[in-house]
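Here the structure is laid out as structure tokens; the discussion comes afterwards.
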């Protein structure tokens, strides 16, 4: 079974996405911060991480950097409420190894298409 880690400091976003993918037979874990995500990956790796950019503590970009340093094969899709061109965050994420970028509010069709494409290889 494919494994997905959803990292977002907004509990509503996290739980909504988690339930959405559990219904699609994806094994889902969640984390509320970059720190929790790194800890979760130490215990059990994932095939894909949906990673929010703006979080307290270790933000998404720093978490992405650390994830890719340790777990090169884990795929990461960044999630943000900002426009891709703001603060050049999209370019920074791409350079650090993010596959793609999703914008909040999440569009379920696009979210499902991106995630399932990655998980199915």
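Where a number appears in this text, it was derived from the coordinates with a stated rule and is not lab data. Everything quoted here is computed from the prediction, not taken from an experiment. Here Cβ is always computed from backbone atoms with ideal geometry, including for glycine, and neighbour counts include all displayed protein chains.
Neighbour counts of other C-beta atoms within 10 Å: give me 102, 64 arranged from fewest to most. Walk me through the intermediate numbers first.
Values: 102 18, 64 25.
Fewest-to-most Cβ neighbours within 10 Å comes out as 102, 64.
For the chain, what relative contact order do you get, as a whole percent, if you take Cα pairs closer than 8 Å and at least 6 residues apart?
Working: 196 pairs, mean separation 27.8, N = 121.
Relative CO of the chain lands at 23 percent.
Hey, fewest Cβ within 10 Å first, where do 100, 91, 73 land in order? Spell out each step's value before the answer.
Working: 100 17, 91 11, 73 7.
Ranking 100, 91, 73 by Cβ neighbours within 10 Å, fewest first, gives 73, 91, 100.
First obtain the Kirkwood hydrodynamic radius of the stretch 54-121 from its Cα pairs, then insert it into the Stokes-Einstein equation at 37 °C and 0.692 mPa s, and state the resulting D in µm² per second as a whole number.
Details: Rh = 12.6 Å.
Translational diffusion coefficient: 260 µm²/s.
Over the Cα atoms of the chain, what is the Rg over Rh ratio if Rh follows Kirkwood? Present the calculation step by step, with values, prior to reporting the outcome.
Numbers: Rg = 12.8 Å, Rh = 14.0 Å.
Radius of gyration over Kirkwood radius for the chain works out to 0.91.
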